[in-house]
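The next block holds one structure in the form of structure tokens; read it before the comments.
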Amino acid sequence: MREIRIGTRGSKLAIIQAEWFLTKLKETFPELKAILVKITTRGDRHSTDSLDKFAGEGIFVKELEKALLDGKIDLAVHSLKDLPTEIPEGLRLAAATARLDPRDVLISKARKLAELAPGSKIGTGSRRRAVQLRAIRPDLRIFDIRGNIDTRLRKVSDGEVDGIIAAAAAMIRLGWADRITEYLSTEHFTPAVGQGALGIEIRSGDTEITALVSALNDKSTWQCIVAERAFLQALGGGCRAPIAALGTVSGGVLKLSGMVASADGHHIQRASEGGDVLVPEQTGKRLAKKMADMGALRHIIKSTSM
């Protein structure tokens with residue numbers, strides 16, 4: 001077997017994720033020869049710019065996708081929440097690893113969200129998190145911050161902000177679960193589509209790589225993320241509106257919860273839909289239609305025009 005080249009961003013978290021995937025591959029295929037190829041993405045180069053500026057553009061994946069299409073790497077390991085629903089022709093999402101905790105978390109100097117004093121400064125680079133935070137604590141001040149997790153945590157330690165909101169999965173993968181102050185309920189903080197899972201992208205016709213990565217595809221995670229991504233795509237996955245979804249599987253039934261908000265956070269709609277795990281895409285599309293009938297598209301159109 002040829003040496004497999006695994007593409008990854010060069011951030012600390014991305015490398016940990018890619019190394020974990022490589023380890024799992026070698027456990028499954030002991031004779032496998034593989035190396036990591038680090039690639040700098042546009043998102044890494046513009047690490048201080050607001051993410052809203054690039055919503056839907058795939059700024060953490062495009063360079064990896066180009067390397068795939070050019071044959072410089074054989075597969076790319078992504079944080080699945082960074083992968084747009086529109087995938088370039090010639091590539092496909094081939095697997096999703098078992099999802100870690102999909103929730104958002106608060107990291108602060110010991111106080112939980114309900115205990116923070118009015119006017120406390122909370123940092124996040126996510127409009128989705130900001131609008132949901134504003135809905136339950138409108139008295140807090142929200143600061144737009146970027147940078148890797150180390151940088152954001154340092155802002156808490158240095159007192160620049162009183163807390164930050166981050167992904168539980170990122171903190172767990174980095175070995176920093178002990179620094180989490182509070183796990184935030186998905187009832188109030190619906191996570192980003194795909195949050196907590198890794199997505200493995202490959203060239204469409206590569207049967208050898210398909211066989212490798214399929215061995216690490218987690219069935220229930222796959223069913224959930226297919227529904228979530230179908231929901232996002234049906235509502236206009238590349239837009240700037242805060243859209244979130246989380247699927248869960250139990251007893252052959254897939255439950256999908258969705259959230260759509262206006263850009264200013266003044267209007268938040270939530271709904272859920274159940275369906276057969278064998279046809280997850282249909283569940284996503286049904287929930288999108290339900291929320292569109294509730295008026296969600298008005299928020300999306302308003303947000304994209306801002």
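Coordinate-derived values only; no laboratory data. On a predicted model such as this, the values are computed, not experimentally measured, just so you know. Here the Cβ positions follow ideal geometry from the backbone for every residue, glycine too, while neighbour counts run over all protein chains shown.
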(request) Scan around residue 94 for amide H atoms under 5 Å from its own, H built in the peptide plane at 1.01 Å from N, and keep only partners 5 or more places away or cross-chain. (result) 200, 201, 202
(message) Quick check on the exposure proxy: order 104, 206, 276 from fewest to most C-beta atoms within 10 angstrom.
(response) 276, 206, 104
(request) For segment 104-183, go through all pairs of different Cα atoms, get the mean of 1/r, take its inverse, and jot down that Kirkwood value in Å. (result) 12.4
(request) Search the structure for amide H atoms under 5 Å from the amide H of residue 34, placed 1.01 Å from N in the peptide plane, and list their residues when 5 or more places away or on another chain. (result) 4
(message) For the chain, what does the helix formula give at 222 nm: sum of -39500 (n - 2.57) over DSSP H segments with n ≥ 4, over the residue count, nearest 500 deg cm²/dmol?
(response) -9500 deg cm²/dmol
(message) Set the bar at 19 Å for Cα to Cα. Now go through 66/219; 38/62; 255/289 and name every pair that lies beyond it.
(response) 66/219
(request) Provide 210, 124 in ascending order of the number of other Cβ atoms located within 10 Å of each residue's Cβ, fewest first. (result) 210, 124
(message) Ratio of alpha-carbon Rg to the 2.2 N^0.38 Å globular estimate for the chain, to two decimals, please.
(response) 0.98
(request) Would you mind giving the average projected area, over all directions, of the Cα convex hull of segment 219-306 in nm² with one decimal? (result) 4.9
(message) What does the C-alpha gyration tensor say about the overall shape of segment 154-306? Classify as rounded when a/c is under 1.5, otherwise prolate if a/b is larger than b/c, or oblate.
(response) oblate
(request) Could you pull out the GluC sites (Glu not before Pro) across segment 141-205 that fall in loop regions by DSSP (anything but H, G, I, E, B) with no more than 12 other Cβ atoms inside 10 Å? (result) 187
